[in-house]
Structures are given as C-alpha cells and as structure tokens.
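Every read-out reported here was derived from the displayed coordinates using simple, explicitly stated rules and does not represent laboratory data. Remember, it's a predicted structure, so these values are computed and weren't measured experimentally. All Cβ positions, glycine included, derive from the backbone under ideal geometry; neighbour counts span all protein chains shown.
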Amino acid sequence: MTGGGPVGVGVIGAGKISEQYLANMVAFPDLDVRFVADLVTERAAAVADTYGVPGAGTVPDVLARDDVEIIVNLTIPIAHADVASKAVAAGKHVWNEKPFTVDRQSGRTLLEHARSAGVLIGCAPDTFLGPGLQAAKRMIDRGDIGQPLTASVVFQTPGPHRWHPNPDFLYQPGGGPLLDMAPYYLTALTQIFGPIAGVAALGSSASPTRTIGAGPRAGEVFDVSVPTYVTALYDFQTGGIAQATFSFDSPLQRVGVLEIAGTDATLATSDPNKFTGDIRVAKSGVEWQTVAVTGAEGGRGIGAVDMARAVRGGDRHRATGDLGLHVLDAMLATADSMEQRTFVTVESVFEPVDALPEDWDPTQRVV
Ligand SMILES: NC(=O)c1ccc[n+]([C@@H]2O[C@H](COP(=O)([O-])OP(=O)(O)OC[C@H]3O[C@@H](n4cnc5c(N)ncnc54)[C@H](O)[C@@H]3O)[C@@H](O)[C@H]2O)c1
C-alpha cells in the first residue's frame, strides 16, 4: 500500500458507457466515486442512484467539490476537450474517454494546460492494460514469435446505429469506425511496435443516412458525414508495418482481429476492445495453438485506477494523454490521407511503457 487512501472520482457524462464504468469503478477499492454530472441532471441523478453514488448534479457542481480529485470524462467526443479543460482549470486530474479530442490543437493545448497545472491526463482505451493484451505483449517482448514484423487488423460490423439509442455522434466528425473503433486497435499496435510514423488510407460510405434501430428514437433517420469504411496501411517509427480495416458497412460482423506476424510465429491477440481473452499462436506450418490467459479482468475504468495509483505516487502512469494524442494524431492522419490520396506523416510520439507485471490487479487495494 502506498497510503493516502482511495482517490475521489467524479463522472461527467451519464450516457451509455457510464453504466459499464460505474459498475466497475464503484467496486475498485482504489477509487471512491462521489459524484455524477451531466448536462441532463435527471440522467445524472438516475445513474448515481442506480450505482449508489452519493452526489449528482451539474458540471460546475462536480468541479467545485474538494473531495473529487479525478474527473472521468464520459461525454461525447466533441465535448471531450472543453469538459477536460474545465476540469484541469479546476485543478482536477482527468481520465478522458476516447477519442482524446477531435482535433490535434485542442489535444495539445489540453496537455500543455495539464502540465502547467501539475495534473495528470489519461485517455481510453484502457483495454490494453487488461490481462489479454498484456499477456500478448509479454510473450512478444520475450521473443515467443521472434522479431515482430507485420500486423493485420480487422474490425467490421453493420454499424452501431442498430443498438445505440443516440448513435448520431458515431456517424459525425469525432465518430465513424475510424475515430470510434481504431483507438482500440491502434493503441494495441503501438504497445507492440511503438509510435506510428505514417499512413496511407482509402475510405468510402455505403449510405448518406442511417436509421436508428433501437431505443426511444428507433426509426429516426439521421445524416452520415464521415466515411463508414476505412482501410489503411501504417508504418511504425522503429520498424514494422500493419494493414487495418475499420468498417460500419459490412453485413458480416467480424471484429477483434489483431494478428502479429514475427520471424518465427504469428500471434493473434485477444480482442483489443476487450480486457481479456485467449491468445493464439501459429508456428510455421502448424495450426493455431491456444494460450489461456489468466488475471483479473477489471473492465472499463482500470485506466482510472492506474491513474489513481500514479496520483498517490505508488506507480507510473501508463494510459497517458500523450498516448491518446498520438493515437488521435494517427487517426486524423488516416483521415487526411483518405482526403488527399497521399501518404501522410505522423509527427507526434509518446513514451512507451513496459508490460505490466503478471500480478498487476486493479481490483485489489494499493493506495
Ligand atoms: N457506448 C459505448 O459502447 C462506448 C464504448 C466505449 C467508449 N465510448 C465512448 O464514451 C463516450 C460517451 O459515449 P456514450 O455512448 O456513453 O454516449 P451517450 O450519448 O450515451 O452519453 C453521453 C452523455 O454525455 C452527456 N454530455 C454531452 N456533452 C456534455 C457536456 N458538455 N457536459 C456534460 N455532459 C455532457 C450527454 O448528456 C450524455 O448523457 C464517447 O467518447 C464514446 O466514444 C462509448
């Protein structure tokens, strides 16, 4: 134990994903969730009530609380920078949902303000801290597949308008299969190959509108303003190349594919959008062999635990805003490449971190 006690958390954004976060965070002993805020205060109150969080109200209310040290920002992408900046100005550390922001400049400004204010910024996804991707990283780092050379990524579905009650934002700038789903896969790739150096991509859209498939707005038609099919080639600053497909235009659903080919074997990770799952390894001429993964899953919110431990000085911070900004930069470079039909360089970097120790457990008390 590092001492200092559980870190006070306030959640901003009581929408769909807040359910998963709150179910997990109220149970993590290193966090103490004290407040839920939303533009719609009735929604904040209902969510707080469901998960036994004592306080609920507006954004100014939560930012005024002295017992809240970390803001978990679960608003929609276009609101991320504004909400996070207000939290930093109020002296709070911020865990941000992905994508980090929707443009490079607001992301850079947010990180600069946080540095001057002496607060931490973290960014989803935190799936890469889960036992599945961490086991894959440990295996690759110790040479199980030889030298990692190339990777293949597949994420393809018919699209989230079929199940999300308010899916408009997922088809507007800040959304699409690129900004919504690539964070999981590109973050996982950066943990193996390091920072991305450049990208070439093509994109298209199956339809200019979609119809909401579930919830109170079912049947409502809304506009699509971003490509819903993206295929890209990435190269990495210290070697390695990858091909990736991100699609909301596929009648066939095939997701979670991340295969890394090395000089000696190919490794298929667990789904980068999940916290755990088996790993498969194929040596030359041999069928897949399954490697079972153990360890506490934790789920969404383990990045906030990682941050809370860093706040109390007990551990280094891993799912950082620098990493979130790099992944955003790579995704925006992908979009630039689609528009310009040229290779686009990615300038930003982040500091790679070592694999977590096998006994790292977000569900146990450390602070
Ligand atoms: N839904 C998912 O399965 C999922 C999964 C992983 C990550 N995410 C990410 O989580 C974030 C939220 O997604 P969601 O699906 O929960 O969206 P949502 O639309 O269901 O919920 C967003 C909530 O934020 C509130 N909000 C928006 N702007 C605000 C502001 N300025 N101040 C205060 N509250 C504000 C809204 O009123 C709403 O209640 C997005 O960044 C998304 O990419 C979602």
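A few remarks follow.
- Measuring max minus min along each principal axis, the C-alpha atoms of segment 69-147 give extents of 46, 25, 21 Å (largest first).
- Projected label distance in nm at residue 152 and residue 42, using a 7 Å step from Cα toward the beta-carbon: 5.1
- Overall dimensions of segment 1-71, expressed as equivalent-ellipsoid semi-axes from the Cα gyration tensor (√(5λ), whole Å, largest first), are 20, 14, 8.
- Measure of compaction for segment 232-367 (Cα Rg per 2.2 N^0.38 Å): 1.25
- Residue order, fewest to most beta carbons within 10 Å, for 311, 221, 153: 221, 311, 153
- Tensor-based shape of segment 31-91 (alpha-carbon gyration tensor, a/c under 1.5 rounded, otherwise prolate or oblate): oblate
- Each of 173, 193, 7 was scored by the projection of its Cα onto the charge dipole of the chain, and the greatest displacement toward the positive side belongs to 173; charges sit on the C-beta of Lys, Arg, Asp and Glu.
- Taking the fewest neighbouring Cβ atoms within 10 Å as the starting point, the ordered list for 150, 245, 228 is 150, 245, 228.
- Added length on full extension, which subtracts the Cα-Cα distance from 0.36 nm per residue, residue 340 to residue 26: 108.4 nm
- Using a Förster distance of 51 Å, the FRET efficiency for residue 204-residue 67 (Cβ separation, nearest 0.05): 0.55
- The ranking of 185, 51, 171 from fewest to most other beta carbons within 10 Å of each one's beta carbon is 51, 171, 185.
- A simple spin-label model places pseudo-atoms 7 Å from Cα toward Cβ; at residue 347 and residue 363 they are separated by 4.5 nm.
- In loop segments of segment 292-367 as defined by DSSP, the GluC sites (Glu not before Pro) with at most 12 further C-beta atoms inside 10 Å of their C-beta are 347, 358.
- 19 Å cut-off, amide nitrogen to a point 7 angstrom out along residue 254 Cα→Cβ, residues in segment 156-190: 156-160, 177-178, 181-182, 185-186
- Counting all C-alpha pairs of segment 137-259, share separated by more than 16 Å (%): 63
- For segment 289-367, diffusion coefficient by Stokes-Einstein and Kirkwood Rh (Cα), 20 °C, 1.002 mPa s, µm²/s: 140
- Counting only Cβ charges, +1 for Lys and Arg and -1 for Asp and Glu, the dipole size of the chain around its Cα centre is about 120 debye.
- When the P(r) of the chain is calculated, the portion above 31 Å amounts to 33% of the C-alpha pairs.
- Hydrodynamic radius by Kirkwood, which averages 1/r over all alpha carbon pairs of segment 150-213, in angstrom: 13.6
- For segment 67-137 versus segment 295-310, the gap between their alpha-carbon centres in whole angstrom: 14
- Test item: Cα-centred dipole of segment 249-304, Lys/Arg +1 and Asp/Glu -1 on Cβ, debye: 100
- Span-rule helices in the chain, defined as complete DSSP H runs reaching 24 Å or more along the axis (Cα) with Kyte mean at least -0.5: 176-193, 321-340
- Overall dimensions of segment 197-280 as given by Cα atoms, namely Rg and Dmax in Å: 17.0, 52
- Note: relative contact order over the chain, using C-alpha pairs below 8 Å and six or more positions apart, is 21 percent.
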